Amino acid sequence: MTKARFLWIGVFALSLSAAQAQSPQQIIQQVVDTERAANQNDHSHWIYLQEMRKPKEHTLQWVAGSPHGDVRRVLEKDNQKLSESQQRELVEKFLHDTRAQNKEIAENAHDNQQVDDFLKLLPTAFVWTQTNATPTNTFLHFEPAPGFRPPTRESRVFSSMAGDLVVDNQQHRILSMSGHLIHDVTFGGGLLGRLKEGSSFSLEQAQVGPSLWELTSIRVHLDGNALLFKSISLEQDDKRSQFEAEPSSVTLDQAGTLVMQQPEPSPLQDSALNEH
């Protein structure tokens, strides 16, 4: 036991010294490289429970991923529970709707590209400082980098934020990130859109399998009007939990079968989602 204890102390000390040996900019570059490589090489598919809240909209659903789109079994819509027959009807409708499937695939590809663009901005759009470090995590703060020229409207908003990021030292993955606008961002002198100072976002990730990570929480709260951002919600909370791996070769029909086999969430699980 003594040798084991010394071994773990040595591992923690090496992890901490390695994090301290790198500059904050080097740490974030390593994280970005790791995240991008994982996104490109990760072909896993998962079933998970999702709760989404938007203004005047609430959805609780099981989601089963597949290469041909995500199959959603809607349990509750706007606080109204759907019967099992209604749930099955919506699943079957998607399984037989090629247009909806193609739209789902296109939206997933667009989202993945946006994530990659977002990651590539991190080392160049911000100045990073280390605020704390433990044997397991490194805590970084970011501020807009002077002289950075955002290439897109989305990056102009993102690069006007300041906030904090927590890194997992062992796997060099993002555990959490949050940011807020430090000043108003306008388009067309404010005629085409304005996002107000203080608008914020946050996200959390967790390991769901060996070297496999998934988003567990996304919160977006943008105050203002943004005519240029019709594809995103100005206010959205998205919580995901109870991840279960699917077969790597899962088909759309198999995803439909698997999603209908998931249990109805218990009141205790509902409470845990709401507290997340």
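Six or more apart or on different chains, Cβ under 9 Å: which pairs go from a residue in the range 78-100 that's without any contact (Cβ under 8 Å) to a residue 40 or more places away in the chain to one that's aromatic (Phe, Trp, Tyr)? Could you list them?
From the range 78-100, the pairs are Ala100/Phe94.
Based on what the data block shows, is His68 under 23 Å from Lys120 (Cα atoms) and part of a loop (DSSP other than H, G, I, E, B)?
Numbers: under 23 Å from Lys120 (Cα atoms): no; part of a loop (DSSP other than H, G, I, E, B): yes.
No.
How many residues does the range 85-129 contain that are in a strand (DSSP E or B) and surrounded by fewer than 18 Cβ atoms within 10 Å (Cβ to Cβ)?
Kept after step one, since they are in a strand (DSSP E or B), are these residues of the range 85-129: 126-129.
This time we only want the ones that are surrounded by fewer than 18 Cβ atoms within 10 Å (Cβ to Cβ), so: 127, 129.
Residues in the range 85-129 being in a strand (DSSP E or B) and surrounded by fewer than 18 Cβ atoms within 10 Å (Cβ to Cβ): 2 in total.
Which condition from (1) buried (at least 17 other Cβ atoms within 10 Å of the Cβ); (2) farther than 24 Å from Ala37 by Cβ is the one that Glu154 breaks?
(2)
Give the residues of the range 159-191 that are touching an Asp or Glu at 6+ places or on another chain (Cβ under 6 Å), of a type in the set (A, V, I, L, M, F, W, C) and surrounded by fewer than 19 Cβ atoms within 10 Å (Cβ to Cβ), sorted by residue number.
The answer is Ala162, and nothing else.
Quickly run through the range 112-129 and pick out the residues that are more than 18 Å from Phe201 (Cα to Cα), free of Cβ contacts under 8 Å to residues at least 60 places away in the same chain and under 20 Å from the mean Cα position of the chain (by Cα).
If the condition is that a residue be more than 18 Å from Phe201 (Cα to Cα), free of Cβ contacts under 8 Å to residues at least 60 places away in the same chain and under 20 Å from the mean Cα position of the chain (by Cα), then Gln113 is the only one that fits.
Kindly evaluate Val32 against the criterion of being surrounded by fewer than 19 Cβ atoms within 10 Å (Cβ to Cβ) and either at pLDDT below 95 or outside any loop (DSSP other than H, G, I, E, B) (or both).
Numbers: surrounded by fewer than 19 Cβ atoms within 10 Å (Cβ to Cβ): no; either at pLDDT below 95 or outside any loop (DSSP other than H, G, I, E, B) (or both): yes.
No, not satisfied.
Before we move on, is Thr59 modelled with pLDDT of 95 or more, part of a helix (DSSP H, G or I), under 18 Å from the mean Cα position of the chain (by Cα) and of a type in the set (S, T, N, Q)? Even if it seems obvious, please write down each step before you answer.
Working: modelled with pLDDT of 95 or more: yes; part of a helix (DSSP H, G or I): no; under 18 Å from the mean Cα position of the chain (by Cα): yes; of a type in the set (S, T, N, Q): yes.
Spelling it out, it is not the case that Thr59 is modelled with pLDDT of 95 or more, part of a helix (DSSP H, G or I), under 18 Å from the mean Cα position of the chain (by Cα) and of a type in the set (S, T, N, Q).
Can you name the residue in the range 152-173 that is out of contact with any Ser or Thr (no Cβ under 8 Å at 6 or more places or on another chain) and polar (S, T, N, Q) and, of all such residues, is farthest from Ala206 (Cα to Cα)?
Thr152
Is it the case that Ala64 is surrounded by fewer than 13 Cβ atoms within 10 Å (Cβ to Cβ) and aliphatic (A, V, I, L, M)? Spell out the reasoning first.
Details: surrounded by fewer than 13 Cβ atoms within 10 Å (Cβ to Cβ): no; aliphatic (A, V, I, L, M): yes.
When the stated conditions are applied, Ala64 does not pass them.
When the range 192-212 is examined, which residues are found to be of a type outside the set (Val, Ile, Thr), surrounded by 13 or more Cβ atoms within 10 Å (Cβ to Cβ) and within 17 Å of the chain's Cα centre (by Cα)?
First, the residues of the range 192-212 that are of a type outside the set (Val, Ile, Thr): 192-207, 209-212.
Next, only the ones that are surrounded by 13 or more Cβ atoms within 10 Å (Cβ to Cβ) stay: 192-207, 209, 212.
Correct list: Ser200, Phe201, Ser202, Leu203, Glu204, Gln205, Ala206, Gln207, Gly209, Leu212.
Somewhere in the range 73-84, is a residue within 29 Å of Ala38 (Cα to Cα), of a type outside the set (S, T, N, Q) and modelled with pLDDT of 95 or more? First the steps, then the outcome.
So in the range 73-84, the residues within 29 Å of Ala38 (Cα to Cα) come out as 73.
Those left that are additionally of a type outside the set (S, T, N, Q): 73.
After this cut, where a residue has to be modelled with pLDDT of 95 or more as well, the list is 73.
Yes, the conditions are met somewhere in the range 73-84.
Please verify whether Gln50 is outside any strand (DSSP E or B) and modelled with pLDDT of 95 or more, treating the condition exactly as stated. It would help to see each step written out before you state the result.
Numbers: outside any strand (DSSP E or B): no; modelled with pLDDT of 95 or more: yes.
Considered against the rule, which asks whether it is outside any strand (DSSP E or B) and modelled with pLDDT of 95 or more, Gln50 comes out as no.
Name the single residue, out of those in the range 250-276 being at pLDDT below 85 and out of contact with any strand residue (DSSP E or B) (no Cβ under 9 Å at 6 or more places or on another chain), that is farthest from Ser85 (Cα to Cα). Write out each step before concluding.
Quick first cut of the range 250-276, residues at pLDDT below 85 only: 265-276.
The next check asks that each one be out of contact with any strand residue (DSSP E or B) (no Cβ under 9 Å at 6 or more places or on another chain); those that pass are 266-268, 271, 275.
Values: Ser266: 19, Pro267: 21, Leu268: 24, Ser271: 25, Glu275: 29 Å.
Residue satisfying both the conditions and the ranking: Glu275.
The values are calculated or read from the model by the stated rules, or taken from the named source; none is laboratory data. The model shown is predicted, which means the values in this text are computed figures rather than measured ones. In this analysis, Cβ positions are derived from the backbone assuming ideal geometry, glycine residues included, and neighbour counts consider all displayed protein chains.
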